[in-house]
Amino acid sequence: MSTIKQLPKSVANQIAAGEVIQRPSSIVKELIENSIDAKARNIKVIIQDAGKQSITVVDDGVGMSQEDSRKCFMRHSTSKLNKAEDLFKIKTMGFRGEALASVAAVAEIILRTKTNKEKIGHELKLKDSNLVEQNQINTQVGTTIIAKNLFFSIPARRNFLKSNNVELRHIIDEFIRCALSHCEINFTLTNEKSEIYNLKSSNLTKRILSIFKKSYEKQLISCDEKFGAISVSGFIGKPENSKKTRGEQFIFVNNRFIKNSYLNHAIIKSYEGLIEEKKYPFYILFIKINTDLVDVNIHPTKTEVKFEDERLIYSLINSSVKKSLEKFNVSPSINFDADINFAEKVVTQYDKIGKINNDVLSHSNKKRNWEEIFENVKIENSARELFENQNLTENENKPVQFLDTFIFKQLGNKLLIFNHNNCQQRILYEKYEKNSLNSYANTQQNLFPQYVEFSSSDFEIIKEILDEIRSIGFSIEIFGKNSIVINGIPTGLDDINEKEIIESFIEEIKKNNVDLKSEKKDIILKSFSKKARITNSKNLSLEEMNSIIDRLFACKNTKYSPDGKQNYIELGIEKVEKLF
Ligand code: ADP
Ligand code: MG
């Protein structure tokens, strides 16, 4: 006897709907996307009971004929796709022809629609995926869909829904994603009769400001790069405005919001060293790419896509964001309060003593070679010169070491407290990064070559990162099976244990599991800057402390260590007074 039964249509529909419609916000997304595809100019979303009681989406798009208004609820029925090849030419938000069928499987539906070709409109009512009523009605061109009593026939699903606050948050998120990617459309969102958003058709900047806050204007940095057929555009936020919580990060591919942790990483990575650990920058980036280079059909909710060459997209995003940060002078940001522009002072001082010329002052000049400027100047002069204009006495000028880790320094009526280790890491990172870019790595030959043997698997890693290790100044050769010989080490360091450092590279590479060359180099530079030392931190001399401070402020990024830890904090007089 056969035990296999074909499931009734209503059950099959509910199973399939589970993939598309997870919660009320999924319905909001699908209905808005349909209105966008129908070329609506105005889209209104009205929510009751966080969508659980009803979701209404009203549009003034092309509407549907009587025949289409019946067909649209059938699974796999769409006007957006004809044949398999079309899947790689998708320009619409929808294409799978399953959203309305899924909505009808989990909610009661009222559809009202009219095209401009017909005098009369059509109203359909559905329950449990079945048409229960059909009328002709007078209505405007466009479509209204009301989804009522969500999950009415699936109590288990209904019970899974979260509180109204949480569900409403999800709805707002979906609404914002659609509104950001279609600025030309007027959108409203109303919840329980109160209007949450009323967004007028505008450009991206205005839309961002009307969705978020007006104050965001100051933090937006535009990003606009073209790489052949692929473009990356939009806005990123200034590093100092990054937040501890996520939620203001958006990537769109051909105007479709996507979730992609790999590409998010590409952006976060560009901010590295500019923001603290565990803080997230604001970004809204639009990637435009030929439709045949991206597969949008890998998930029912269509928020995941697959690129033909994801690593290429990663690099493009990473470099566009970096470029924008540099272009807008955000990196490096030397940002004491406006009254004391430290950088200007540094430059002016050195200008006075005739070591540098005017083009160092040019602001666009991010590649200014600060380090050389500093290295050309006698270190013992520099700190004193820097603070001279502050009219401080000799004593006030002196930095003071506190324990092994901290250096205190007065600057005007501020007290700066430097974390010596973090500062050293930043200085080393940038110095050796620069060396490696210039392809001259200063190497100091070892008197006695060091031989180091590795396990076979670690030796494979060494081979992979040999170029990067050499680029920072190690002179290394492969020496027989699974061993290397270290003939020289980078110059300008306090005692280093080269074997330990190289082993730390292997550990970090294993831990981080990266495959891009630039990322490997970054990991190596970071690990190197942690292990190597410019000075031993016990009993720093005045010159050493001044040198650390000078060299830190000659860095591109003065604020944070390569790991995103603060290099120094400022205590204004008010803060200190409050302590008493
Ligand atoms: P898809 O969007 O993937 O085509 P849907 O189930 O979301 O599938 O919609 C099915 C079809 O119904 C669409 O292809 C479209 O022709 C029609 N349709 C849905 N919503 C609207 C609307 N708001 N205005 C006009 N036509 C619509
Ligand atoms: Mg659709």
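A few notes on this one:
- Compactness of the chain is given as radius of gyration and Dmax, 30.6, 101 Å, from Cα positions.
- Convex hull per residue volume in Å³, alpha carbons only, for segment 78-139: 113 Å³
- When 52, 259, 531 are compared by accessible surface with a 1.4 Å probe, the order from highest to lowest is 259, 531, 52.
- Neighbour net charge for residue 87 - beta-carbon separation under 13 angstrom, K R +1, D E -1: +3
- Kirkwood radius for segment 511-561, taken over all pairs of different Cα atoms as the inverse mean of 1/r, rounds to 13.1 Å.
- For 87, 447, the ranking by accessible surface with the largest value first comes to 447, 87, using a 1.4 Å probe.
- Annotation: for a label point projected 7 angstrom from Cα along Cα→Cβ of residue 136, residues of segment 96-118 with backbone N closer than 15 Å are 113-115, 117-118.
- Total formal charge among the other residues, if their Cβ is under 13 angstrom from that of residue 160, Lys/Arg +1 and Asp/Glu -1: +4
- Solvent exposure ordering (accessible area, 1.4 Å, most first) of 545, 74, 1: 1, 74, 545
- Computed helical MRE - 222 nm, the chain, DSSP H runs ≥ 4 contributing -39500 (n - 2.57), nearest 500: -11000 deg cm²/dmol
- Charged side chains reduced to their Cβ positions (Lys and Arg at +1, Asp and Glu at -1) give segment 161-231 a dipole of some 200 debye around its Cα centre.
- Summing charges over all other residues whose Cβ lies under 13 Å from the Cβ of residue 448, with Lys and Arg as +1 and Asp and Glu as -1, gives 0.
- Think of the chain as having a plus end and a minus end, set by charges on the Cβ of Lys, Arg, Asp and Glu; of 303, 197, 55, 55 sits farthest toward the positive end of this dipole.
- Highest-first packing order for the peptide set 508-514, 90-96 is 90-96, 508-514, based on the mean count of other beta carbon atoms within 10 Å.
- Peptides ranked, highest mean first, by Cβ atoms within 10 Å: ranges 106-113, 8-15, 317-324, 431-438: 106-113, 317-324, 431-438, 8-15
- What the chain shows is 49 Å² of accessible area per residue, with the surface traced by a 1.4 Å probe over protein heavy atoms.
- Bridging of residue 499 to aspartates and glutamates at a Cα separation below 15 Å is possible for 453, 458, 477, 507, 508, once same-chain residues fewer than 8 apart are set aside.
- Using a Förster distance of 56 Å, the FRET efficiency for residue 7-residue 277 (Cβ separation, nearest 0.05): 0.65
- Split the accessible area of the chain by element, probe 1.4 Å, and carbon with sulfur accounts for 49%.
- Which listed pairs, of 162/213; 44/322; 243/530; 29/213; 259/431, have C-alpha distances above 30 Å, in listed order: 44/322; 259/431
- Cα shape, segment 23-169, gyration tensor, a/c 1.5 rule: prolate
- Rounded to 0.05, the FRET efficiency of the residue 571 and residue 438 pair, given R0 = 30 Å and the Cβ-Cβ distance, is 0.20.
- For the cross-link pairs 9/193; 327/409; 323/559, the ones whose C-alpha atoms lie over 28 Å apart are 9/193; 327/409.
- Calculated FRET value between residue 513 and residue 304, using beta carbons and R₀ = 22 Å, to 0.05: 0.55
- Checked against a 20 Å cut-off, the cross-linked pairs 306/510; 5/83; 39/80 give Cα-Cα distances beyond that limit for 306/510; 5/83.
- Under the Debye formula (equal points on every Cα, no solvent term), log10 I(q)/I(0) of segment 87-214 at q = 0.09, 0.17 Å⁻¹: -0.37, -1.23
- Three-way shape label, segment 107-167, alpha-carbon gyration tensor, a/c 1.5: oblate
The values are calculated or read from the model by the stated rules, or taken from the named source; none is laboratory data. Predicted, not measured: the structure shown is a model, and the values here were computed from it. Backbone-built Cβ (ideal geometry, glycine too); neighbour counts: all protein chains shown. The protein model used for the area step is the full one, side chains on, heavy atoms only, and it has no ligands, DNA or RNA in it. Shrake-Rupley method; radii C 1.70, N 1.55, O 1.52, S 1.80 Å.
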